[in-house]
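Engineer: The structure that follows is given in the form of structure tokens.
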Amino acid sequence: MENKFSIKNLDMYYGDFQALKNINMEIKPKEITSLIGPSGCGKSTFLRTLNRMNDLIEGVRVEGEVLLDGEDIYKEIDVTKLRTRIGMVFQKPNPFPMSVYDNVAYGPRAHGIKKKSELDEIVERSLKRAAIWDEVKDRIKRNALSLSGGQQQRICIARALAVEPEVLLMDEPTSALDPISTLKVEDLAEELKKEITIIIVTHNMQQAARISDKTAFFLNGELIEFDETDFIFSTPRDKRTEDYITGRFG
Amino acid sequence: MENNMKLDKKNELKEKLAHYLFLFNATVAIISVAAIAFFVFYRGLQPFIPGNAEGNYSLIDFLSGLEWRPSIGKFGILYMIVGSLLATFGAIILGVPVGILTAVFIAELAPKWAKTIIKPAVEMLAGIPSVLYGLFGLGVIVPWIMQISPQAQGQSLLAVIFVLMIMILPTVITITESAINSVPDAYREGSYGLGATKLYTIFKVVLPAARSGILAGVVLGIGRAIGETMAVMLVAGNPIAGLPNSIFSPIRPLTTNIAMEMSYAFGLHQEMLFATGVVLFVFIILINLILSRVTRGSVLK
Ligand SMILES: Nc1ncnc2c1ncn2[C@@H]1O[C@H](COP(=O)(O)OP(=O)(O)OP(=O)(O)O)[C@@H](O)[C@H]1O
Ligand SMILES: [Mg+2]
């Protein structure tokens, strides 16, 4: 199978500080990849190089290659186009202060879709895919900020899905949620995997073990180990990986 | 143990003292407002109360009159109210878009070096004494208007609008900018993450989220415009009668009516100037009521 992402010799700097060191990684389509590692090791930084979110920060420099379906995202793809192909869900739910409907319709509208019937259809489909339709279908005009944290996060997932991304990046999407909402998001990820590629940052080992096909362990900006999740959790090759997942670390 | 208790007592006393010190200082502001309001209303309402020593005047004639001739006992200020409101309205219509776009530029778009020029310039603009705005208006804007105006003089509603527009810019810009800065980055990232462009993000997420702060800036701008005196006095024309019928008509704002005549007025004439102050005061109170409405639940509170 072709790679969705091929990352080659990726270095990333915040000014003088090197946050990612020579990362090489290949991510297959329609799989879930977990990124784990102690706080500050560069997981979020890595995730944000994949949709060029770090471009917004002053003094950031990226070297090496990130290929999406064989195309260099820093050289060959327009950044707004890139971000419609790669959706992102953030650690803290960040719905816009507007109605549920306007939140989900935001992306399609930004890309020029104006027709009401078309938007209605996209909104409903996206909310259904994000497993939140039943909970909000009667209050779709209500402000999204009036929903619970878990619901807000699924609204954000629906919002990301509304532009039909091929990849979904999730940065600790359940760290602010209760166990039940967490399970809902996990089930959702497994469901979505049938159609899209998912990369998820998590501090929760059980979560990584439960839902991901591959797991990558980062430490101090380096990719220490990257393999099938089952291998990583049963027979890690590197001593540092073993220490981390058994909790003797960080 | 014993010692500790003493210390506690001492600290408690200090806290109490500090508390009263703050309270006392806060009271100064409250008393000032109350005193000014009482004074203006007390003097300004006299002519409308029957049996006033200096003579009586009908409140309706005062509020609906189109002529101000103290020498023959005519005190009508409707044309001034209209002038003040039109000037303020015009300044807001022109100044608010310029102010908001400038604030957006400073907060979201400008490169660092441009910011280091624009921000101090805006602060400087806020600090210029208003009489200098008036001189600028008189020396530059009025002669320019004279060239395009059908009227003989350049002092006009339009001149006042231009001067006021420049004067409200710092208020609108500074407050809008701080409202924009307090919009969480999470909103911007959410929008960029969906492939929206920078401009789309600004107009669809950032400005709507900053809405109540921006409105507060607009309302404060209105307050500034309606209360401005020195600068507009020099460029308004200040006629003794007549509603303005075009932007080239001279106007006589409420503020300048008071400022121009108070130094030599006495008797009923003086009281009518206070009455003009009452009308001005009512406008300011209304504006503050609106302000507290729009800032409810906003970042500026
Ligand atoms: N905007 C920034 N400017 C400078 N340095 C940064 C910036 N963002 C992150 N860093 C640094 O880069 C390193 C990696 O940060 P990153 O946020 O990627 O860690 P993380 O693995 O996601 O941690 P966590 O699990 O706590 O979220 C850290 O040392 C951090 O201090
Ligand atoms: Mg992180």
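The values are calculated or read from the model by the stated rules, or taken from the named source; none is laboratory data. Owing to the predicted nature of the structure, the values given are computational and were not obtained by experimental measurement. Virtual Cβ from ideal backbone geometry, glycine too; neighbours counted across all protein chains shown. For accessibility, only protein heavy atoms count, side chains too; no ligands or nucleic acids. Shrake-Rupley method; radii C 1.70, N 1.55, O 1.52, S 1.80 Å.
Engineer: Would you please list the contacts, defined by Cβ atoms under 8 Å and residues six or more apart or on different chains, that run from a residue in segment B:21-50 that is in contact (Cβ under 8 Å) with a residue 24 or more places away in the chain and within 12 Å of B:F274 (Cα to Cα) to a residue that is assigned to a helix (DSSP H, G or I) and hydroxyl-bearing (S, T, Y)?
Structural biologist: What qualifies is B:G44/B:T276.
Engineer: Of all helices (runs of 4 or more DSSP H) completely enclosed by segment B:139-199, which ones contain at least 1 residues that are within 14 Å of another protein chain (Cβ to nearest Cβ)? Explain how you work it out, then say what you get.
Structural biologist: Working: elements: B:142-148, B:157-181, B:185-193.
Filter on segment B:139-199 gives B:157-181, B:185-193.
Engineer: Moving to a separate point now. Name the residues in segment A:198-238 that are of a type in the set (S, T, N, Q) and either without any contact (Cβ under 8 Å) to a residue 12 or more places away in the chain or over 19 Å from A:T45 (Cβ atoms) (or both), would you? Full working, then the answer.
Structural biologist: We begin by selecting, within segment A:198-238, every residue of a type in the set (S, T, N, Q); these are A:202, A:204, A:206-207, A:212, A:215, A:220, A:229, A:234-235.
Listed by number, the residues that qualify are A:N204, A:Q206, A:Q207, A:S212, A:T229, A:S234, A:T235.
Engineer: Applying the selection to segment A:22-42, what residues are under 10 Å from A:G221 (Cβ atoms) and either buried (at least 16 other Cβ atoms within 10 Å of the Cβ) or within 8 Å of ligand 1 (Cβ to nearest atom) (or both)? Give the derivation first.
Structural biologist: Of the residues in segment A:22-42, the ones under 10 Å from A:G221 (Cβ atoms) are A:22-23, A:37, A:40-42.
Correct list: A:I23, A:G37, A:G40, A:C41, A:G42.
Engineer: Residues that are touching a Cys at 6+ places or on another chain (Cβ under 9 Å), crowded, with 18+ Cβ neighbours inside 10 Å and within 12 Å of another protein chain (Cβ to nearest Cβ): which helices (runs of 4 or more DSSP H) entirely in segment A:67-175 hold 1 or more of them?
Structural biologist: A:100-110
Engineer: Just the residues that are open to solvent by 20 Å² or more (accessible area, probe 1.4 Å) and within 15 Å of ligand 1 (Cβ to nearest atom), please, taken from segment A:43-66. Outline the logic, then answer.
Structural biologist: Looking only at segment A:43-66, we keep the residues that are open to solvent by 20 Å² or more (accessible area, probe 1.4 Å), and these are A:44, A:48, A:52, A:55-65.
Passing the criteria: A:S44, A:R48, A:R52, A:D55, A:L56, A:I57, A:E58, A:G59, A:V60, A:R61, A:V62.
Engineer: Taking only segment A:30-66 into account, find how many residues are part of a loop (DSSP other than H, G, I, E, B), within 14 Å of another protein chain (Cβ to nearest Cβ) and within 16 Å of ligand 2 (Cβ to nearest atom).
Structural biologist: Step one: list which residues in segment A:30-66 are part of a loop (DSSP other than H, G, I, E, B), which gives A:30-31, A:37-42, A:51-52, A:57-59.
Applying the additional criterion that residues be within 14 Å of another protein chain (Cβ to nearest Cβ) yields A:51-52, A:57-59.
Those left that are additionally within 16 Å of ligand 2 (Cβ to nearest atom): A:51, A:57.
The qualifying residues number 2.
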